[in-house]
Structure formats: structure tokens, C-alpha cells
1. Would you call residue 113 closer than 24 Å to residue 52 by Cα and either crowded, with 20+ Cβ neighbours inside 10 Å or touching a residue at least 60 places away in the same chain (Cβ under 8 Å) (or both)?
2. Could you check the stretch 2-35 and list, in sequence order, the residues that are in contact with a Gly (Cβ under 6 Å, 6 or more places away or on another chain), hydrophobic (A, V, I, L, M, F, W, C) and in a loop (DSSP other than H, G, I, E, B)?
3. Based on this model, can you work out whether residue 53 counts as crowded, with 21+ Cβ neighbours inside 10 Å and among the polar types (S, T, N, Q)?
4. Are any residues in the stretch 111-163 hydroxyl-bearing (Ser, Thr, Tyr) and within 21 Å of residue 23 (Cα to Cα), and if so, which ones?
5. Residues in the stretch 42-77 that are among the aliphatic types (A, V, I, L, M) and in contact (Cβ under 8 Å) with a residue 40 or more places away in the chain: how many?
6. Tell me which residues, restricted to the stretch 127-173, are over 17 Å from the mean Cα position of the chain (by Cα), without any contact (Cβ under 8 Å) to a residue 60 or more places away in the chain and within 26 Å of residue 8 (Cα to Cα).
7. Does the stretch 169-178 contain at least one residue that is touching a Ser or Thr at 6+ places or on another chain (Cβ under 6 Å) and of a type in the set (Gly, Ala, Ser)?
8. Of these, 75, 35, which one is in contact with an Asp or Glu (Cβ under 7 Å, 6 or more places away or on another chain) and small (Gly, Ala, Ser)?
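Please treat every number below as a calculation from the coordinates, not as lab data. These numbers were taken from a predicted model, which means no experiment stands behind them. Here the Cβ positions follow ideal geometry from the backbone for every residue, glycine too, while neighbour counts run over all protein chains shown.
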Amino acid sequence: MPIKSDKWIRRMCEEHRMIEPFVTGQVSDGKISYGISSYGYDIRVSSDFKVFTNVHNSVVDPKNFDDRSFVDITGPECIIPPNSFALARTEEYFRIPRDVLVVCVGKSTYARCGLIVNVTPLEPTWEGYLTLEISNTTPLPAKVYGGEGIAQLLFFEGDEEPEVAYADRKGKYMNQKGVTLPKM
């Protein structure tokens, strides 16, 4: 399963609306870069964040998630407290083809500042805005810029389609619109 090039990504976006909005070049101009790259696509983080807090001393439980565990922040920047975590969503909407698997990895600009974006797959036939998990591993507050690059997507095309894809099994994170919390 070879990684796909910028030509393939461009064609899939034109023919199948795989990424919307799709930026055909690499944008940097004083911003953390986003758009098409040689073998991937750099995605942007929106300006909507959920930053974890211990104000209510809640336990983080993926089976019984307490939404008091975070505060909502909307704006061009988000400060993630030391050794903390935030959820955000992409500005891009995705429609993953049935024979494609996408892997999301963090950009080195943020990684060099101690901010880690969780490696996550976008499965065949999954559709929606991607919820991003951003960890501040440093003992200092860290800034994330809404509307700018945050992670890179790598695309892999399978030799054949899977028997059962994400939409077939009615995956719980299908058609996400905003920052989506854990579901059971």
C-alpha cells in the first residue's frame, strides 16, 4: 500500500470532493503551513477548542464522559495549559473513499514546541470534520493558532476495497460537525 502523491490527492479532491475546502498549494506567509504537500495534505485547526480543566475535579472516563471536564474557547488562538490537553476540529470536511485509509500525524513545528497531535486514522468511507487531540507535554502554557496548519494527512490506497467499511458499520463518529467528545 504505497503512500499517495500530490497528483493523486489533487485528482481525488477534484473528482470525489475528498477534502473541502481544498487548498491546491502550500500556504505559509507568516502562518503555520497548510495545503497540499508532496506526499500529503497539511490540515488546519479551526478556532473552536475544548480545553481540559480540573476545576470540577472530574474523572476523565471515556465510557461516561463529564462535559464539565473542559472549557470552550473560540478565537484565533488557544492557550493550552501546561501538561494539559485540548480537543479541536479541522477547518476541512472529509469524504474518505472506500479503498483509502488516511493517517493524521502532527506537524513538526508544533512537535518542536512540545505540542503533540494524536496519530489517528480516517477510515474508509468515514465522513465529517476531524476532531483533533492536542497535548501540551511541556511545563509551560502553549499557543495554538486557529485557521493555520496543525497536522499532516498521509493517504494510502488499498489493493482492494474492505468487506466492511466505516459507514457500513455505522461508525459512531460518522458525519461529525463540531468538536466531538468520546462516545460509547
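1. no
2. 23, 32
3. Considered against the rule, which asks whether it is crowded, with 21+ Cβ neighbours inside 10 Å and among the polar types (S, T, N, Q), residue 53 comes out as no.
4. The answer is 129, 131, 145.
5. 2
6. 163, 164, 167, 168
7. Looking for residues that are touching a Ser or Thr at 6+ places or on another chain (Cβ under 6 Å) and of a type in the set (Gly, Ala, Ser), one finds none in the stretch 169-178, hence no.
8. 35
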